[in-house]
Structures are given as structure tokens and as C-alpha cells.
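The values are calculated or read from the model by the stated rules, or taken from the named source; none is laboratory data. Computed from a predicted model, the values in this text were never measured in an experiment. Every residue, glycine among them, receives a Cβ derived from its backbone with ideal geometry; neighbour counts consider all protein chains shown. For accessibility, only protein heavy atoms count, side chains too; no ligands or nucleic acids. Shrake-Rupley method; radii C 1.70, N 1.55, O 1.52, S 1.80 Å.
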Amino acid sequence: MMKFDLASHSVRELNQLLHEQARQLTEREWLVLNPGGAHSIACGIDQELSVTIDGHCGYYCAGMNKKAHVTIRGNAGVGVAENMMSGVVRVLGDASQSAGATAHGGLLVIEGNASARCGIAMKGIDIVVKGSVGHMSAFMGQAGRLVVCGDAGDALGDSLYEVRIYVRGKVRSLGADCIEKPMREEHLKELRELLARADVDADPRDFRRYGSARQLYNFKVDNAAAY
Amino acid sequence: MTRDVLPHLRESATFDRAVIHEIQRAAETGIYDIRGWGAKRRVPHFDDLLFLGASMSRYPLEGYREKCATNVVLGTRYAKKPIEISTPITIAGMSFGALSAQAKEALGRGASIVGTSTTTGDGGMTPEEREHSKILVYQYLPSRYGMNPDDLRKADAIEVVLGQGAKPGGGGMLLGQKITERVAKMRTLPVGVDQRSACRHPDWTGPDDLAIKIEELREITDWEKPIYVKIGATRTYYDVKLAVKAGADVVVLDGMQGGTAATQEVFIEHVGIPILAAIPQAVQALQEMNVHRNGVQLIVSGGIRTGADVAKALALGADAVAIGTAALIALGCNHPRWDAEYRKLGSAAGFYDDYHLGQDPAGISTQDPELAKRLDPVVGGRRIANYLRVLTMEAQIIARACGKSHLLNLEPEDLVALTVEAAAMARVPLAGTNWIPGES
Ligand SMILES: Cc1cc2nc3c(=O)[nH]c(=O)nc-3n(C[C@H](O)[C@H](O)[C@H](O)COP(=O)(O)O)c2cc1C
């Protein structure tokens, strides 16, 4: 295990070392100490590494991650795991806005709550939030799945494309073109798998499913009020 | 014209035929007009400026014997690997999706032949484009369609797009006809949807966040790539200052005449300011921050057509220009040979702007494989190269006449304005006077 102390070294040095692992793998296990809310920690990794960050992170932690498993033992700032391609990012605390924004793949687990715009413009990632999510979550979400074990704020799934959303608690309001849809067997199955992958103990039957009504996919004058 | 035929008829200046037609169209369809191209109204432009050639007080350079250099280096502020282009004319960002793969490839080939850069667009990077572009700028847009770290690392520079001159404050638009399977896959969208992409970035708002975002992009790419920030010309003075403060290596400034693939007509014609008015504001901002021609480069676009336009933009303080519409025309857009087909679409050669419909007879703004085949990327590349060379030579002719051994040595002092408006906007004297409105 490689211990890297951000109290005495820079994020630049850390990221350079992590990126070099893509060319030549010398160490799989990394422990990052004293993150102190710094931005861009462990972003741009392209290797099967296991990185544990011992504390709170600033913006864009594990941004554009590929393959790595990154665990944040603390809270995460704006855009944790933004544009992730693959791998797993786990936040043991809460996450700020735009968690998992535009991400194409991988799994993001937030053990606390996530703030506004969780999963905004998501493009294939799976996001599991043990707590609640803020307003405009999954806004313009294109693909992937968002699971919320707590409640969802206003305008959930606004202008949604093909993301499937599962919520166990209350939904404050649905956004434009987002509707509740029936939970069929295939959905219970995929939700069960997702919860298991995220290591979250919850019964899929307690969730409701939301998705796009697909009414805004092509412009219609009658929908003018929604645009 | 009407007067010649029927002298007693008087066309209203306020409600002319185009206006009447638009009211009728709106009443019939219930939807705003969408089109491509840029603003079509007349606005103060480079045509309203003239150069003062050398004579007694300055001496000119010999056309064939004395060198007038054209190379420019971009990204010298923070990037480990700045870009060197051999002519200060770059190809602007235009998406695969809006344009055919052949058109994108042709732009890359043409730019590479003359040693300049080309740019991706709101749809990600295609392998064809990367392969045929020696210097490729990768756009980082609000939609983030196809955005991925591999392409980011393959790029020679990264352009964070905040806005476009044709639609500052608006997001991208690509109508269903053009969302073919390949385009849909690259953008992770269902085939055939009317794509409305976001106008704001999903994970940052405001200049303080942008600084953090730029740092993340630098971290991911190990501080190698120049990072551009592209803005539509509006509150240019402030936006440029904020872009520099946020850490941009290069500011890309697009005026209201700038082209688009699909935007509401009302947006194209009524939002944003002409590039002529924006450049001096940008230069002032850069000068006040001590980075003009000293660390941060300025690329300007919006209605660049000739070497004279290029020379005027550089004289006002830009380091390079970008071309969109003119490059498409060089490829064959609006060529008279397609006139009969343009007419079938309700347009005519010289007027065609329905890029959004995807039925371009010239095979450029289309995803229809049959139409796209009409454009040979090798021939198209040669046409682009020819055109870029002409622009460069024209700019050199003017620069030599002004006694400059490098295009970047052109300066505002070489310029005068033909109109009071242009003098005020460009901050150069009205021809034959010492008068700069607002300054003296
Ligand atoms: C067909 C077309 C597609 C465009 N697509 C994009 C785009 O994806 N991203 C972007 O920043 N600008 C886009 N633009 C704007 C150009 O990058 C550039 O700002 C503009 O064309 C410059 O003005 P000009 O057309 O007068 O040269 C597009 C322009 C055209 C004509």
C-alpha cells in the first residue's frame, strides 16, 4: 500500500503518480491522507487501482475515472465522479451538487445524501444514494440508472431521456416529461442487482420507478408551455 | 425593384416582404423559425475599416523578397505543450452531426495541409477527424456528448465552450432528421429525437467554479494541453477578464455574425454584438491584465471572409481568427452547381441556410449517406487548403504594404474607419480625421 500525504505533497504530484500507473503499474493500493477539501483529487485515473481518500474532498474528486475503485472517507464536493467512464466511486459521507454529472459508466455510491442535480446529464452511469437527493436530480439524464433510498427534491428527472429512476421515499415533484411508471419484474430484478452491487440493504419492492414520458422528444406546438 | 415594375406600389420599410412572410409563416405553423448560418442583417463590420498603407512616414516591404511571417504560438501561459500554427487562421468548432463525417474529415485535411488547427464540436471527436487533423482542438461543451478522457488526452488543445456568437446564452440544437444511428450513439441519445442540448455546464456555474474546472482538465491531462475558453460576444470586456482570471490560456471570441448549425432566427439576429465591437473590448481587458500578446492569446471569429478581414482582426489585437461559414462555402456549400436542388428545397444557391434539416445538396450539413457521398474529403481538403492559403497571402499583402514583417505586427494605428459607428466600435479614427468617437 502506498501512502500519500496531501499535507506535505501536492494534488499535482498525486495525480501524476496515479496517471503513471496506466503506463506502468507499480502499486495497486493507495491511501491518500489529509485531503483537506482539495479539488481534483484522483481525477483522470486509467487503471485498476484502489484509492482510499481519508477525509473530505473538494470539487471533481475522481473526475473522468476509468477502472479505479475510489473511496472517500468523508464528504465530497461538487461533481464527484463527474464524467466517470468505469470503475466504482464510493462516498461515505454526503456529496455536493452534480454528483456523477455526465458520467458514462461505472458505479457511484453515496452513503449519505446528495445535493441538487445528482446525476445531471448522466450518460450511462449507475448512481445509488442511500440518503436523499436534491432538486433537479437526473436533469436531462440520457442513460443509466439513479437509485434513491431516501427522498427526492423538486423537479426530479426534468427533461429526461432514457434514465431509469428508482426512489424509495417521497418525491417532492416530478420535472417536465418525467412520469411514474409501473415496476415490472425486470425492474425489480435490475434494482435488486444494483442494490447488491452498491452493498445497500433495501427491499426493491419498496421503490417506485420513474422515467421519461417521451413527449418532448420531438417538438410539438402543443407542448410549447413545457419548453 | 417593385418601384421599377409598379411605381405606384410602395413597400413598407417596417413591414417589408420578408417580415410579412415571417408573420404569415408564424401564424401558419405556430413555431419559431430555426435555421443555420449566422446573422444576415447588416452590422458594422471589417468592411467599415481601411488600412493606411505605407508611403513617406512608413516604408513598405517588398512583395517577393522581404518576409512577412505568419506563424503563431497558442497556449504559452500554462500548457507544457503549446500549439504552433503556421497561419493565424484556424477552423472553428463544428460538430459531427451538424456536419457529415466527410465534411469534418475535409476540414481536418485542409487545415493540416497548411499547418493550422481544426476543432471538434457538440458531438465528440470522430476517429476520421483525429486521424486527418494534425492539430485538433477538442471542445468541452455543456452537453458533454461523447466526452471522455481518452479523447481529451488525444487532443492537442481543449476548448471550454461557454457560448457562441450566433446564440450567446443558448444551447445546441440538432433536429431529429440528423440524429442517425451513428450520431445518436456518439451522443447517447435515442435515434431521431430533436436534441436540445444544455446552455449551461452541468457541474459548474460562474468564474470561480470555472477556475476549478479548468484546473481539473489540466490535472487530467497532466498540464500538457492549452486550454481555450470560447465566449459569444456580449459583455466582452468582463467576460474576457473573468476567463483570464479563471486560467484560460487562449480566449476565443465569437461575434454575432458567427455561424451556427441550427438556432432560432430571432436568437441569431437579436442577441450578441458584432465582432468589430467586441475585439477592442477584449484587447482592453487583456491589456489591463498585462497578458495581451504576453501569455494569453485571443482568437476571434464571426464573419471572417477575406485576407483583409484577417488582417483587420489581427491589427485590432487578435492573435488568430477562426472560420466556420466561409470554410463551409469553400467546401462547396451554396455552390451554383446545386442551384436546382436548392430550389427544390425552397431556397437557392447563395441563400441556403437550412443546415438543421439535413438535406444539404452539397453533402456538407447532412447525415444522409447518399448526399454526404457527394463530398470527396480529399478534394474538399484541397479546397480548404487553397482557401486558407489565399486568406494568408491576402493578409500578407496588406501587412507588407503597411511595412510589417509579421502579420501580428499590424496594429490599430494602421487602421481608419469609414463610418462613425465603426470608428466608435473599433476605436480607430474616422478616415481623414483624428476623431475616435468617445475617446477624443
Ligand atoms: C454548421 C456549424 C456548426 C457549428 N457547431 C458548433 C459547435 O458544435 N460548437 C461551437 O462552439 N460552435 C459551433 N459553431 C460556431 C463556430 O464554431 C464559429 O463560432 C462560427 O462559425 C464562426 O463564425 P463564421 O461562421 O462567421 O466564420 C458552428 C457553426 C456552424 C456554421
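Annotations for the structure displayed:
- Chain B: calculated mean residue ellipticity at 222 nm from DSSP helix runs of at least 4, using -39500 (n - 2.57): -10000 deg cm²/dmol
- Under-5 Å amide H pairs with B:HIS406, H placed in peptide plane, nonlocal only: B:ALA69
- All other residues whose Cβ lies under 10 angstrom from that of B:GLY363 are scored, Lys and Arg at +1 and Asp and Glu at -1, for a net of -2.
- Cα gyration tensor, chain B - rounded (a/c under 1.5), prolate or oblate: rounded
- Result for chain B in a Gaussian network model with C-alpha springs under 10 Å: among B:ASP150, B:ASP122, B:ASP376, the largest mean-square fluctuation is at B:ASP150.
- Annotation for the B:A interface, with buried accessible surface near 3100 Å², both sides summed [1.4 Å probe; non-protein components not counted].
- In this structure, the amide hydrogen of B:GLU224, modeled 1.01 Å from its nitrogen in the peptide plane, lies closer than 5 angstrom to those of B:LYS80, counting only residues at least 5 positions away or on a different chain.
- Sparse-neighbourhood loop sites, GluC sites (Glu not before Pro) in region B:5-51 - DSSP loop, at most 13 other Cβ within 10 angstrom: B:GLU11
- Residues in region B:197-221 that, when all protein chains are in place, have 50 Å² or more less accessible area than the chain alone would give (probe 1.4 Å): B:PRO202, B:ASP203, B:ILE212, B:GLU216, B:GLU219, B:ILE220
- Largest mean-square fluctuation among A:ARG73, A:ARG172, A:ARG184, in a Gaussian network model of chain A whose springs join Cα atoms under 10 Å apart, belongs to A:ARG184.
- Restraint check, A:LYS123/B:LYS167; B:LYS67/B:LYS134; B:LYS154/B:LYS404; B:LYS344/B:LYS373, Cα-Cα greater than 29 Å: B:LYS154/B:LYS404
- On the basis of the beta-carbon distance and an R0 of 45 Å, B:HIS21 and B:GLU370 show a calculated FRET efficiency of 0.90.
- Whole-Hz couplings from phi, Karplus 6.51/-1.76/1.60, listed for region B:39-47; x for Gly and Pro: 4, 9, 5, 7, 10, x, 9, 4, 4
- Bridges between two residues of the protein assembly as shown, per DSSP, are antiparallel at a rate of about 20%.
- Here the relative contact order of chain B, from alpha carbon pairs under 8 Å that lie six or more residues apart, stands at 23 percent.
- What the Cβ-Cβ distance of A:GLU186 and A:ASP154 gives, at R0 = 30 Å and to the nearest 0.05, is a FRET efficiency of 0.55.
- Prolate/oblate/rounded label for region A:111-182 (Cα gyration tensor, a/c 1.5): rounded
- At a probe radius of 1.4 angstrom, the accessible area of region B:194-242 per residue rounds to 34 square angstrom.
- The residue among B:MET393, B:ILE91, B:SER12 whose Cα reaches farthest toward the positive pole of the charge dipole of the protein assembly as shown, with charges on the beta-carbon of Lys, Arg, Asp and Glu, is B:MET393.
- For the protein assembly as shown, the cysteines with no partner cysteine C-beta closer than 4.7 Å are A:CYS43, A:CYS118, A:CYS149, A:CYS178, B:CYS68, B:CYS199, B:CYS333, B:CYS402.
- Pairs from the table (B:LYS40/B:LYS104; B:LYS104/B:LYS312; B:LYS178/B:LYS213; A:LYS3/B:LYS81; B:LYS80/B:LYS230; A:LYS3/B:LYS245) lying more than 23 angstrom apart at Cα are B:LYS40/B:LYS104; B:LYS104/B:LYS312; B:LYS178/B:LYS213; A:LYS3/B:LYS81; A:LYS3/B:LYS245.
- Accessible area expressed per residue, region B:1-83, with surrounding protein chains retained (probe 1.4 Å, Å²): 74 Å²
- DSSP beta bridges confined to region B:37-426 are antiparallel in about 25 percent of cases.
- Calculated from backbone phi, Karplus (6.51, -1.76, 1.60) coupling profile of region A:61-76 in Hz, x at Gly/Pro: 4, 6, x, 6, 3, 10, 6, 6, 9, 10, 10, 10, 8, x, 9, 10
- Phi angles of region B:185-196 translate, via the Karplus equation with coefficients 6.51, -1.76, 1.60 and θ = phi - 60°, into HN-Hα couplings of 5, 4, 9, 6, 10, x, 4, x, 6, 7, 7, 10 Hz per residue; Gly and Pro are given as x.
- Rounded to 5, percent antiparallel among DSSP beta bridges of chain A: 15 percent
- Straight-line cross-link reach from A:LYS67 at under 17 Å between alpha-carbon atoms covers these aspartates and glutamates, not counting any fewer than eight positions away in the same chain: A:GLU20, A:GLU27, A:GLU29, A:ASP46, A:GLU48, A:GLU82, A:ASP126, B:ASP150, B:ASP151.
- Average accessible surface area per residue within region B:313-389, 1.4 Å rolling probe, Å²: 39 Å²
- By accessible area, using a 1.4 Å probe on protein heavy atoms only, chain A has 46% of its surface on carbon and sulfur.
- 5 angstrom amide H check on A:LEU108, placed H, neighbours 5+ away: A:VAL89, A:ASP126, A:ILE127, A:VAL128
- Heavy-atom accessible surface of region B:37-426: percent carbon and sulfur, 1.4 Å: 54 percent
- Using C-alpha pairs under 8 Å with a sequence gap of at least 6, the mean separation divided by the residue count of chain A gives a relative contact order of 10 percent.
- Efficiency of FRET from Cβ geometry, A:ARG205 and A:SER8, R₀ 35 Å, rounded to 0.05: 0.10
- At least 30 Å² of accessible area lost relative to the chain alone, listed for region A:126-163 with a 1.4 Å probe: A:MET140, A:GLN142, A:TYR161
- Gyration tensor verdict on region A:2-226 (Cα atoms; rounded if a/c is under 1.5, prolate if a/b is larger than b/c, oblate otherwise): prolate
- Working from label points 7 Å from Cα in the Cα-to-Cβ sense, the B:THR205 to B:TYR64 distance is 6.3 nm.
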